[in-house]
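Throughout, read-outs are computed from the coordinates displayed, never taken from laboratory work. The structure presented is a predicted model; accordingly, all values stated were derived computationally and were not measured. Cβ placement follows ideal geometry from the backbone for every residue including glycine, while neighbour counts extend to all protein chains displayed.
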Amino acid sequence: MQRWRGLGDLPSGWGRCVVTIGVFDGVHRGHQALIRRTVELAAERGVPGVVLTFDPHPSEVIRPGSHPAQLTTLRRKAELMESLGIDVFSVLPFTLELSRLTAHEFVHEVIVDKLHAAAVIVGENFTFGHKAAGDVSLLRTLGKRFGFVAYGAELQGRSLDDTDHVESEITFSSTYVRSCIDAGDVGAAAEALGRPHRLEGIVVRGDGRGHDLGYPTANLSTPRYAAVPADGVYSCWFTRSGAPGKRFPAAVSVGTNPTFSGRERTVEAFVLDVDEDFYGQHVSLDFVAKLRDQVKFSSSAGLVAQIDDDVVRTREALGVGN
């Protein structure tokens, strides 16, 4: 897969392509449907399939301070796109200048002049151009003018029966996934993502209390906008970036360590079945299930007893033995 930063230096002889456009944070199941359709249509036409995404998040440029929690790093997003068969992962730097392009200008300058799109596939709620003035209907109209076909794909979701047995629909979206993670419902997040939510970070030195209790932890320093689950204890898979094929079960605590009157929110992973100092390594945590809320214990012995149980439940949740 080719990876581009900006559109200033496209390969010599770049021809037509099929492109899908969006922020794609999380690369959830709705995004995956768009990407698979892009790959299929590109193969039918014998042209490259392109993902056009943006960095930084548009909301942070338009309304500074409003950056949403980030579900996937740019590197992780690219990895997921590649696994789905995309030929080109193109990141367009989102600037105030870009945000001021009208819908017509965006189509002409980006989709037509730069990418030479033969087809554009977006979600049916897609908007573009200054103040999000453009929609799928306008994209289709402009496509007829400029020689490309535009498709508005149906959003993905699932039906839900509430307590009164009234059927409603949940649409899989980045906003929905963020709300699940913020509530600690990592199971619902995984359903929408099609995989567990991943949190990445560098292992840093902690206060050493875990080691003193017999449960040394790897303390993660996470990216600035990372979507960190609600306070609690979770069963996770722990992976080192340098060894992606090898993962370890982990009991992970998210919160302020109330037993020790902590104030700073931390992410601490007790990695099972391995005796290693991960300090300085880039690692990832895939959140599988929430085991319990954070609790303040009256003694260290009470906390240790609870961690003992957390480890047992982690093994059960992940299906691994001693």
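Listing for the model above:
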quantity	calculated
Sites matching chymotrypsin sites (Phe, Trp or Tyr not before Pro) across region 237-322 that sit in DSSP coil, with at most 12 neighbouring C-beta atoms within 10 Å	Tyr279
Counting DSSP beta bridges with both ends in the chain, the antiparallel % (nearest 5)	60
Cut-off 16 Å (backbone N to label point 7 Å along Cα→Cβ of Asp293), residues of region 229-249	230-234
10 Å Cβ shell holding at most 13 others, DSSP loop, trypsin sites (Lys or Arg not before Pro): longest site-free stretch of the chain	101-204
Amide hydrogen neighbours beyond the local backbone of Val288, cut-off 5 Å, H modeled	Ser235, Cys236, Trp237
Between 0 and 90°, nearest 10: helix 29-45 axis offset from the chain longest Cα axis	40
Two-decimal Rg/Rh across the chain, once Rg and the Kirkwood Rh are taken from alpha-carbon atoms	1.03
GluC sites (Glu not before Pro) restricted to DSSP loop in region 216-322 with at most 10 other C-beta within 10 Å	Glu264
Contact order relative to length of the chain, as percent, for alpha carbon pairs under 8 angstrom and 6 or more apart	15
Candidates Leu34, Leu199, Leu115, ranked by Gaussian network fluctuation over the chain, Cα under 10 Å, top entry	Leu115
Virtual paramagnetic centre 7 Å along Cα→Cβ of Thr95, amide N under 20 Å, in region 1-35	4-11, 22-23
Top of Ser90, Ser137, Ser284 by mean-square fluctuation, Gaussian network on the chain, Cα under 10 Å	Ser137
Helix 300-318 vs. the chain, principal-axis angle (Cα, 0 to 90°, nearest 10)	40
Overall dimensions of region 53-146 by Cα: Rg and Dmax, Å	14.1, 38
Degrees between helix 74-83 axis and first principal axis of the chain (Cα, 0 to 90, nearest 10)	70
Diffusion coefficient, µm² s⁻¹, Stokes-Einstein with Kirkwood Rh over alpha-carbon pairs of region 91-162 at 10 °C and 1.306 mPa s	121
